[in-house]
1. Which residue out of 475, 463, 416 is in a helix (DSSP H, G or I), farther than 29 Å from residue 366 by Cβ and either touching a residue at least 60 places away in the same chain (Cβ under 8 Å) or not assigned by TED's automatic domain parsing to the domain that holds residue 90 (or both)?
2. Within the range 10-26, track down each residue that is more than 35 Å from the chain's Cα centre (by Cα) and assigned to a helix (DSSP H, G or I).
3. So if I check each of 384, 401, which one is more than 30 Å from residue 312 (Cα to Cα), crowded, with 23+ Cβ neighbours inside 10 Å and modelled with pLDDT of 95 or more?
4. Return only the number of the condition from (1) closer than 30 Å to residue 98 by Cα; (2) at pLDDT 95 or above that residue 352 does not satisfy.
5. Need pairs with beta-carbon distance below 8 Å; first residue within 15 Å of residue 84 (Cα to Cα) and within the range 295-318, second of a type in the set (S, T, N, Q) and assigned to a helix (DSSP H, G or I); sequence gap 6+ or separate chains.
6. Go through the residues of the range 61-83 one by one and say whether even a single one is touching an Asp or Glu at 6+ places or on another chain (Cβ under 9 Å) and under 19 Å from residue 296 (Cα atoms).
7. Quick check on residue 240: is it assigned to a loop (DSSP other than H, G, I, E, B), of a type in the set (S, T, N, Q) and in contact (Cβ under 8 Å) with a residue 40 or more places away in the chain?
8. Please go through the range 14-43 and pick out each residue that is within 22 Å of residue 428 (Cβ to Cβ) and either surrounded by 14 or more Cβ atoms within 10 Å (Cβ to Cβ) or among the aromatic types (Phe, Trp, Tyr) (or both).
Amino acid sequence: MKAPILDSVYAAEAFQTKGHQMVDLLSKHLKAAQKSTHKTIPYTDPETERQFWQQYPEKQDFQTLVQDLIDRSIHVHQPKYIGHQVAPPAPITAVSSMLTSFLNNGSAVYEMGIANTAIERIVTDQLCAQLGFDTHARGFLTSGGTLANLTALLAARSVKDGTAVWKNGYEESLGILVCEEAHYCVDRAARIMGLGDKGILKVPATINYAMDTTALEATLEKAKQAGIQVFAIVGSAPSTATGIIDPLDKIASFAQKHGLWFHVDAAHGGAAIYAQQFKQDLAGIEKADSVAIDGHKMMMMPALTTALLFKDGSHSYQTFSQKADYLLSDADHEDWYNMAKRTFECTKSMMSIHWFVLLNQYGPSVFDEFVSALYQMGRQFAAIIQKDPDFELALAPQTNIVCFRMVQKQLSKQALNTLNERLRFALVQEGSFYIVQTKLRGTHFLRVTIMNPKTDPDTLSALLIHLKELAKPILQNLK
């Protein structure tokens, strides 16, 4: 049977040609992005964008197709990209992405992912050691912080609850303690687990938006009075909205006192375990039962890849208990290499390769330099804001996340909220910079996350100048 289309699809020569074209275009884009010669976000409204791609010519020249995709996407390698917590991937990880996509080895069972499964063990062992865990610790990689947090809480429930929920279903009300400022994915994980509103026990935050550990005893007692068995407490390192790290050491002491599982959502800030100047901010993380760290946030990797690390490695096997005979069999030893026993994914990408390539080619110091540069720039931006009477900080930044807003003495709180909300959208539509926004206790703030080590004080000063220009017509309308 002749298959001319398939012959073309799998032709090695065509792959070589298109691969070179792709790398050339991306290299050109990287150089332009680092010079900030193009818009950071080429914003169009959703319907216009849908129509563009719906009407896109069939069998378009490949280089044109790639260039159109580049031109119509947000450019995270731009120093003016200071929005969401997505890393500008190290260019070498784009190359490793091509490798892993081409090889396409899964990780459910060892036979399907020989190299990447072994490498995953090496990478997670190194992360465990960096956290301060001993040789009994184990970890694995999974598809994002949301899935990692859910998996950790499922393990916590399995270890701490004696009613075999996975097999028998709920026989009593269970709950977790979490700061009101924690990322919404923790709340979502708890709801997926069936804990409901009553099982998500929100601990108040301090004036600086960290968990108020003085309120823990009262919150736990309230849960007990309501007949809720609390089995876990979650600390943020940091919270997404403010970049503030919960007092992990105090949370660890509370968890130990009450026999609770202590999980740290360090999706954003966990990379600071490599940063000599900033790792003390994570004091207490070594006492956690489990920790989640995203590679695609502060470790320069493409999305999605998250490490979930367990102090007691045996706990990582207790989350799931169903058995697929055609894949897995009982073992009389630790078969760490059969990943389907520990992760949600039955098929998982070769994500360990990104971690290994960076460590192999640059060493762990690359993470120290990256985190330190971004955290320091957060502090420098805060200093720039404090010198400008047209802006004010929400709070002093602890990481690379900075919340601030434009202020005008003549405007009410509601009018200021409107000003900053409209200002952010005007910036997105204009496209030269990209930032996001958040609301803290009813006040609207602009939010910057410095993710690119090439973002410098001049770039950040230019942002404030640009915001003032964009604010002029908005202020006229508000008056």
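The values are calculated or read from the model by the stated rules, or taken from the named source; none is laboratory data. Nothing here was measured: the structure is a model prediction, and the numbers come from that model. Positions of Cβ are generated from backbone atoms using ideal geometry, with glycine treated the same way; all protein chains shown enter the neighbour counts.
1. Numbers: 463 fails: farther than 29 Å from residue 366 by Cβ; 416 fails: either touching a residue at least 60 places away in the same chain (Cβ under 8 Å) or not assigned by TED's automatic domain parsing to the domain that holds residue 90 (or both).
Going through 475, 463, 416 in turn, just one is in a helix (DSSP H, G or I), farther than 29 Å from residue 366 by Cβ and either touching a residue at least 60 places away in the same chain (Cβ under 8 Å) or not assigned by TED's automatic domain parsing to the domain that holds residue 90 (or both): 475.
2. 12, 13, 14
3. On the way: 384 fails: crowded, with 23+ Cβ neighbours inside 10 Å.
Exactly one of 384, 401 is more than 30 Å from residue 312 (Cα to Cα), crowded, with 23+ Cβ neighbours inside 10 Å and modelled with pLDDT of 95 or more, namely 401.
4. For residue 352, the failing item is (2).
5. As it stands, the answer is 300/93; 301/93; 302/93; 302/97, since those pairs meet every condition given.
6. Our first condition is that a residue be touching an Asp or Glu at 6+ places or on another chain (Cβ under 9 Å); within the range 61-83, this holds for 63, 72, 79.
Within this subset, residues satisfying the condition of being under 19 Å from residue 296 (Cα atoms) are 79.
The answer is yes; a qualifying residue exists.
7. On the way: assigned to a loop (DSSP other than H, G, I, E, B): yes; of a type in the set (S, T, N, Q): yes; in contact (Cβ under 8 Å) with a residue 40 or more places away in the chain: yes.
So residue 240 fits the description; yes.
8. Going residue by residue through the range 14-43, those that are within 22 Å of residue 428 (Cβ to Cβ) are 29, 32-43.
Result: 29, 32, 33, 34, 36, 38, 39, 40, 41, 42, 43.
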